[in-house]
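A quick write-up on the structure given underneath.
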Amino acid sequence: MKEFNNLLSCELYKISRKKTLLKLAIAVVVIVLIVMIAGLAIQYLIEQSGVQTNQPDYERQIEALEQQLAILKERPSTSALYRLIIFNEEYSVRAQITYYRYLLENNIAAGAVTSYSTGDTLAADYDYYTFTTLCTSTMMTAIVIFMIVMASRNTLGEFNSGAMKMQLMRPIDRNKFLTAKWLSVYIVSIGVLLFTMIFSFLVGIIAFGASSPDVLLVVNASGTMRVSAIGALIISFLIKCVYIFAVLQLTVFVNMILKRNASAIALNIVISVMNIGTIIETVAAIPFVGFAGFLANIQWESALGLTGPALKGMTLWSMIPISFAWIAFFTVMNYMKFRKREI
């Protein structure tokens, strides 16, 4: 255990040197301030426009959505391509119907409950929950890029430079050595994520007030679970922890296959950050292969909101086991390839 702790401390030191953590902290502060200014500007414009928020007619909205759903269900009979899958248009409509039915049946006023947010778009009405999710979602791209770069440098980069040979000349257990490498990157990445959420949460309370409506999770477009805003943020944090771990194992796997550090970084960014991997899985879904895809299935948050998973027919309960199966595969392959790799 002492040997592993020493290895982990050494790897953490490599990441924290050259003021890396300070640069990440500055990036978090800048992103949060930019989002705060944008949010305050949007709120000011809404107030100046004099738009009044009235109690929505839930029954009429449900009726309109049901008509839209009926139209979507008729399309497969006229479109061969639509039968094959790809777009998940029905999910969003069914999720909205479930959402409004919950509000109607429980006699909930407008603004008392909000839907689960992944923070992908700017909000029309800001509170500390929507602000925190937007800041965290924006920072996630930077965290994934940081993780890809550091994981590639700590593995493939050290193989290329010869530093790995110097380290493995000592009697070190290769499994412990690889674990220390990816675990150090994971710890720092999660630390940055947690700092982002806490900092943006505090700034959100200062800028937009300490109150936020409860959040309604619409699970698989049919089930509902009402939680507090803080509870929703905790759920979001835990899901993002799994997502970061999954992408990290994919990154290490690519590093174990390729021979050049720059190529591995570029390929990992193209696959994970630029969503090329998800696009390929979506195309592969036409012959139904894409349903077993890795990147499409690790997007668990999509099955808790009103947008839905990438492919029609995917559910949270199918995404979770497929995700863990891929994570286990990448993890096992990483250790096997690292043990056999020549230095």
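Which number in (1) buried (at least 16 other Cβ atoms within 10 Å of the Cβ); (2) under 30 Å from residue 225 (Cα atoms) marks the one condition that residue 328 misses?
Going through (1) buried (at least 16 other Cβ atoms within 10 Å of the Cβ); (2) under 30 Å from residue 225 (Cα atoms) one by one, residue 328 breaks only (1).
Could you say whether any residue in region 177-195 is within 17 Å of the chain's Cα centre (by Cα) and of a type in the set (Phe, Trp, Tyr)?
Among the residues of region 177-195, at least one is within 17 Å of the chain's Cα centre (by Cα) and of a type in the set (Phe, Trp, Tyr), which makes the answer yes.
List the helices (runs of 4 or more DSSP H) inside region 156-237, counting only whole elements, that have at least 2 residues being surrounded by 15 or more Cβ atoms within 10 Å (Cβ to Cβ) and at pLDDT 90 or above.
Values: elements: 158-161, 163-168, 174-208.
Hits in region 156-237: 174-208.
Do the conditions hold for residue 108, that is, is it modelled with pLDDT under 75, surrounded by 14 or more Cβ atoms within 10 Å (Cβ to Cβ) and either outside any helix (DSSP H, G or I) or touching a Leu at 6+ places or on another chain (Cβ under 6 Å) (or both)?
Judged against the criteria, residue 108 is not a match.
From the list 301, 342, 281, which residue is at pLDDT 85 or above and either within 18 Å of the chain's Cα centre (by Cα) or loosely packed, with under 15 Cβ neighbours inside 10 Å (or both)? Quick ask: steps written out before the conclusion?
Working: 342 fails: at pLDDT 85 or above; 281 fails: at pLDDT 85 or above.
After applying the criteria, what remains is 301.
The values are calculated or read from the model by the stated rules, or taken from the named source; none is laboratory data. Please read these numbers as outputs of a predicted model, since none were measured by experiment. For neighbour counting, all protein chains shown are included, and Cβ atoms are generated from backbone atoms with ideal geometry for every residue, glycine included.
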